[in-house]
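Here's the structure, in structure tokens; my notes come after.
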Amino acid sequence: MEMYNHKKIEKKWQKIWEKKKDWQAKDFSKKTKYYSLVEFPYPSGEGLHVGHTRSYAAMDVISRKRRMEGYNVLFPIGWDAFGLPTENYAIRTGIHPKIATKKNTDNFRRQLKSLGFSFDWSREINTTDPNYYKWTQWIFLQLYKHGLAYKKKMPINWCLSCKIGLANEEVIDGRCERCGSLTEKREKEQWMLKITKYANRLLKDLEKVDYLEKIKTQQENWIGKSEGAEIEFPISNSKFLIKVFTTRADTIFGATYLVIAPEHPFVQEQITNHKSQITNKSEIQNYINKVKQKSELQRTDLSKEKTGVELKGIKAINPANKKEIPVFVADYVLSTYGTGAIMAVPQHDERDAEFAKKFNLPFSNAPLVDADEIIKKINAKKTTQYHLRDWVFSRQHYWGEPIPMIFCNKCGWQPINEKDLPVKLPDVKKYQPTDTGESPLANIKKWVNTKCPKCGGPAKRETDTMPNWAGSNWYFLRYCDSKNKKSLADFKKLKYWMPVNWYNGGMEHTTLHLLYSRFWNKFLYDIGFAPASEPYQKRTSHGMILGEDGEKMSKSRGNVINPDEIVKNYGADAYRIYQMFMGPFDQAIPWDPRGIEGARRFLNKIWNLGRKISLKKNFSSLETLIHQIVKKVGEDIEATKFNTAISALMILANEFEKEKKLRVKDYTLLLTLLAPFAPHMTEELWSQLGNKKSIFLEPWPKYDPKKIKEKTFQLVVQINGKLRDSFAAKSDISEEEAKILTLKRENVKKWIRDKKIIKIIFVPNKLINIVTN
RNA sequence: GCCGAAGUGGCGGAAUUGGAAUACGCGUACGACUCAAAAUCGUAUGGUCUUACGACCUUGAGGGUUCAAGUCCCUCCUUCGGCACCA
């Protein structure tokens with residue numbers, strides 16, 4: 001037998017698999033379908049990251065196991081290729097993003113193929129391909145036609161460095177999610193998507209899906225539903241009313257003042273209205289100006305002291321007890337949530353208490369009342385508020401899908417005729433956003449100037465592009481029919497494949513990407529273009545792979561692991577085994593270069609075990625263990641406990657090694673269980689045993705529950721809960737018999753001596769515990 | 001500040017139900033093979049005390065429940081993740 005030469009056999013099998021098209025999914029096959037999905041990568045110039053392959057290796061194991069279980073598996077891959085790094089590269093080098101993307105995807109494809117993932121490459125997609133983004137644009141048009149896309153001038157987060165507007169969701173600690181520089185507020189006309197219309201369904205339908213509990217919690221928190229009431233507080237001696245939102249209507253008798261947000265229309269109106277009764281207008285105006293300069297980060301910093309100004313000269317009336325109470329403007333109340341005004345109850349709310357202490361406002365220990373009754377009595381309205389806000393969908397960048405809209409001076413915003421899709425990205429000379437913050441597309445007059453689709457008069461194209469979330473919002477649908485030219489995907493095919501049975505990806509995508517794509521899928525479901533109301537039946541997430549130093553892998557730290565080198569030196573199978581064995585799948589874990597050597601050693605051991613095969617041997621002394629291992633490996637894979645599945649396989653291999661001879665049957669069973677993890681080596685050994693068909697056409701091994709049970713076991717003897725002895729006993733030994741055998745033992749006698757036995761606890765097939773005085 | 005997860009050898013980690021803590025792998029030491037090395041194989045490997053048999057201690061800290069606690073309860077500490085003046 002030859003030595004295990006990974007270079008030779010991995011290339012060999014990759015070629016054969018590709019030629020035989022073994023991993024191509026068959027539309028409408030009579031087998032039960034199984035759709036396993038991984039997040040398609042952004043093809044960066046740096047090449048494949050080990051983090052990608054952790055997820056891909058895991059879902060490849062699942063997909064290969066499913067095929068062996070008789071499913072028709074769809075396991076697709078593609079490229080989420082629009083995005084800033086490529087655009088920034090273009091700005092730096094002048095190389096067209098299209099060319100850089102081609103180069104990067106070619107490299108990624110080569111890398112993924114070298115790892116032997118069983119992707120159906122015939123369905124490969126690329127979000128930057130006009131044949132793909134035609135349908136991204138088409139979906140936008142449908143959103144527009146159904147009133148879910150609208151343009152709005154609003155304060156948005158403006159990244160000073162990227163020169164683009166960011167959604168609230170994309171600002172982290174007041175900084176741009178992409179480049180990390182500070183953001184400020186600016187007014188800009190933006191295309192918005194009305195995701196808030198779906199808030200309740202996005203929340204409620206979480207009941208229907210099997211996501212990790214922590215992922216569900218994240219979605220729930222982001223949507224942030226709260227039930228409460230809108231209560232009107234009249235302003236004394238005026239026609240004005242201030243509406244507050246509260247979840248604690250029951251505390252209304254303790255409300256001793258009102259607070260409104262600095263952006264609240266009432267304040268704005270009052271300080272400009274010369275008839276207003278307010279006596280300290282300039283003080284209020286000064287305060288508002290100060291707040292404007294603050295970033296959201298500063299405003300929402302919990303450790304800062306509360307600030308605010310009283311609106312002197314006016315009072316509000318508490319509708320519950322008709323008492324007059326003062327009104328403040330303060331920045332701890334936000335205009336974007338609820339009604340932008342609150343009733344402050346220092347007795348029951350910490351923030352209100354802090355503010356009240358600072359401004360010497362009274363605490364009222366008025367009794368709590370029944371919320372429903374008081375709401376009825378004061379004629380307030382029960383309402384529901386969501387934390388979720390509409391999605392800012394415009395970007396002032398080149399490398400994204402053009403938003404397919406046209407502005408006509410006569411007719412206003414008009415959608416492009418569907419027959420004119422796709423709106424292709426034109427070539428530009430400079431990729432840099434303009435100083436005004438407009439997209440580089442704005443400089444191409446020939447492209448911008450067009451005709452109004454409605455009146456035929458002169459009109460201008462929208463020059464903003466879509467965020468890079470757009471393409472990834474519906475890609476799972478396109479995989480079902482990736483070449484379709486007439487529709488985003490044939491409905492019958494969608495109906496066959498959807499929903500995705502199992503979706504795995506990074507924890508960092510479990511809030512935004514998941515929410516956005518669920519939103520688009522629900523919309524497409526509503527208008528009859530998607531067959532399932534929830535796109536993903538099951539969602540899991542893998543932990544990050546950190547550098548050897550325990551820090552996040554990054555170029556600047558110099559701790560990046562290049563998969564190519566590992567594959568070259570140890571082989572794809574060793575790489576995959578190590579990644580699956582390194583630790584719990586959902587936890588972050590540092591890369592250990594020695595771990596890969598252990599994985600390789602394990603594969604060598606399996607390879608060399610082949611020498612022990614004997615045709616003469618026809619019984620197995622390890623039958624019980626084998627059945628136990630089959631059970632464990634299968635169950636662990638399903639529970640994403642890949643590390644213990646492999647450890648079980650190692651135990652089996654170690655036992656096999658202790659045997660002088662090995663049955664063919666036992667050896668092939670080990671190969672079959674190992675096949676999803678180490679596909680190349682097992683396929684090679686399988687064929688060396690004389691098998692003509694792929695090992696992946698073998699059925700996944702089954703175990704016999706009756707054969708799992710051991711004939712004997714070590715009965716543990718405890719005295720007062722401490723381990724003192726153990727001996728082999730028949731399985732299912734009776735309590736009586738166990739007691740007799742235990743009390744006969746010298747070790748036991750020694751410990752008991754003249755002590756009195758108070759009681760004896762017997763746990764079947766486990767232990768016996770003697771309690772003495 | 002709130003929510004969530006976690007804390008186990010020199011290291012990554014295991015322990016489905018409360019029932020032998022440290023599986024499996026890495027590392028280390030010694031041995032076998034070898035002229036030698038590598039590879040491979042074998043043995044040992046939580047700590048303290050003991051010549052030894054063995055005893056005692058040990059799952060972030062402290063307390064509790066229990067015949068029995070890594071696992072359950074209480075208090076506290078630390079780390080990671082998420083959210084954050086959301087009324």
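Close amide H partners of residue A:183, meaning residues 5 or more places away or on another chain with modelled amide H under 5 Å apart, are A:176.
Taking only the alpha-carbon positions of region A:95-143 and ignoring solvent, what does the Debye formula give for the base-10 log of I(q)/I(0) at q = 0.14, 0.26, 0.33 Å⁻¹? Log10 I(q)/I(0), no solvent term: -0.50, -0.99, -1.16. The residues A:625, A:421, A:697, sorted by heavy-atom accessible surface at 1.4 Å with ligands and nucleic acids left out, run A:697, A:625, A:421 from largest to smallest.
Considering only A:583, A:313, A:455, the residue lying farthest towards the positive end of the dipole of chain A is A:583, judged by Cα position with unit charges set on Cβ.
Between the helical axis of A:512-526 and the longest alpha-carbon principal axis of chain A there is an angle of about 80 degrees.
Once C-alpha pairs closer than 8 Å and six or more residues apart are averaged by separation and normalised to the residue number of region A:618-764, the relative contact order reads 19 percent. Computed about its Cα centre, the charge dipole of region A:87-130 is approximately 180 debye, with only Lys, Arg, Asp and Glu carrying charge at their Cβ. So if each residue of separation counts as 0.36 nm, and I subtract the Cα-Cα distance between residue A:334 and residue A:410, what length gain in nm does that give? So the chain would gain 23.6 nm between residue A:334 and residue A:410.
Scalar couplings 3J(HN,Hα) for region A:640-646, obtained by applying the Karplus form with A = 6.51, B = -1.76, C = 1.60 to θ = phi - 60°, are 6, 9, 5, 4, 7, 4, 5 Hz; x denotes Gly and Pro.
A Cβ-based charge dipole, computed about the Cα centre of region A:380-454 with Lys and Arg at +1 and Asp and Glu at -1, lands at about 240 debye. Determine the shape class of region A:558-644: with a ≥ b ≥ c the square roots of the Cα gyration tensor eigenvalues, call it rounded for a/c under 1.5, and otherwise prolate if a/b is greater than b/c, oblate otherwise. Oblate. When A:49, A:513 are compared by accessible area at a 1.4 angstrom probe, the order from most to least is A:49, A:513.
Please work out the FRET efficiency for the pair residue A:289 and residue A:358, using the Cβ-Cβ distance as r and a Förster radius of 30 Å; give the result to the nearest 0.05. Write down the numbers at each step before the final one.
On the way: r = 21 Å, r/R0 = 0.70.
Rounded to the nearest 0.05, the efficiency is 0.90.
Computed 3J(HN,Hα) for region A:591-605, one whole-Hz value per residue from the Karplus formula 6.51 cos²θ - 1.76 cosθ + 1.60 where θ = phi - 60°, is 6, 10, x, 7, x, 5, 5, x, 4, 5, 4, 4, 5, 4, 4, glycine and proline marked x.
Rounded to the nearest 0.05, the FRET efficiency derived from the C-beta distance between residue A:763 and residue A:152 at R0 = 60 Å is 0.35.
Taking only the alpha carbons of region A:645-685, we obtain Rg and Dmax values of 10.1, 27 Å in that order.
Compute the distance from the alpha-carbon center of region A:578-644 to that of region A:239-285, in whole Å. Comparing the Cα centres of region A:578-644 and region A:239-285, I get a distance of 68 Å.
Element breakdown for chain A at a 1.4 angstrom probe: carbon and sulfur atoms account for 51% of the accessible area.
Comparing A:122, A:378, A:140 along the charge dipole axis of chain A, the residue lying farthest to the positive side is A:122, per the Cβ-charge model. Computed from point charges on the beta carbon alone (+1 for Lys and Arg, -1 for Asp and Glu), the dipole magnitude for chain A about its Cα centre is near 2200 Debye.
Ranking A:529, A:511, A:559 by Cα position along the charge dipole of region A:492-581, where only Lys, Arg, Asp and Glu carry charges on their C-beta atoms, puts A:529 farthest toward the positive end. The orientation-averaged shadow of the Cα convex hull for region A:51-164, equal to a quarter of the hull surface, comes to 11.0 nm². Summarising the amide proton neighbourhood of residue A:772: residues at separation of 5 or more, or on other chains, whose placed amide H is nearer than 5 Å comprise A:720, A:758. Remark: the residue A:491-residue A:664 segment gains 57.5 nm on full extension, using 0.36 nm per residue and subtracting the alpha carbon distance. When you count the other C-beta atoms within 10 angstrom of each residue and take the mean per peptide, A:405-413, A:195-203, A:470-478 line up highest first as A:470-478, A:195-203, A:405-413.
Expressed per residue, the C-alpha convex hull volume of chain A stands at 242 Å³. The antiparallel fraction among DSSP beta bridges confined to chain A stands at about 75%.
Computed over the Cα atoms of region A:372-482, the ratio of the radius of gyration to the Kirkwood radius (Rg/Rh) comes to 1.20. Only Cα pairs under 8 Å and 6+ residues apart enter the sum, and on that basis the relative contact order of chain A stands at 14 percent.
Note on region A:482-595: along the principal axes its Cα atoms extend 53, 28, 26 Å, ordered by decreasing extent.
In Å³ and rounded to a whole number, note down the convex hull volume per residue for the Cα atoms of region A:446-530.
Residue-normalised Cα hull volume stands at 150 Å³.
Among the protein heavy atoms, those of residue A:710 account for about 90 Å² of accessible surface (1.4 Å probe, every chain in place).
Peptide packing for A:260-266, A:349-355 was compared via the average number of neighbouring C-beta atoms within 10 Å per residue; ordered from the highest value, the list is A:260-266, A:349-355. Among the trypsin sites (Lys or Arg not before Pro) within region A:647-729, those in coil by DSSP and having at most 14 neighbouring Cβ atoms inside 10 Å are A:660, A:661, A:692, A:693, A:702, A:709, A:711.
Put simply, the amide H of residue A:344, placed in the peptide plane, has neighbours under 5 Å in A:256, A:257, A:258, A:259, leaving out anything fewer than 5 places away on its chain. For region A:686-732, the square roots of the Cα gyration tensor eigenvalues, ordered a ≥ b ≥ c, give a/c of at least 1.5 with a/b greater than b/c, which places it in the prolate category. The largest accessible area among A:3, A:544 belongs to the first residue in A:3, A:544, and the rest follow in falling order (1.4 Å probe, all chains).
For chain A, the per residue solvent-accessible surface stands at 47 Å², with DNA, RNA and ligands left out and a 1.4 Å probe. With θ taken as phi - 60° and the Karplus curve 6.51 cos²θ - 1.76 cosθ + 1.60 applied, the whole-hertz 3J(HN,Hα) list for region A:107-119 is 5, 4, 4, 4, 5, 5, 5, 5, 8, x, 6, 8, 6 Hz, x standing for glycine and proline.
The values are calculated or read from the model by the stated rules, or taken from the named source; none is laboratory data. Since the structure is predicted, the reported quantities are computational estimates derived from the model, not experimental observations. All Cβ positions, even for glycine, are placed from backbone atoms using ideal geometry, and neighbour counts span all protein chains on display. The accessibility values were calculated without ligands, DNA or RNA, using every heavy atom of the protein model including side chains. Shrake-Rupley method; radii C 1.70, N 1.55, O 1.52, S 1.80 Å.
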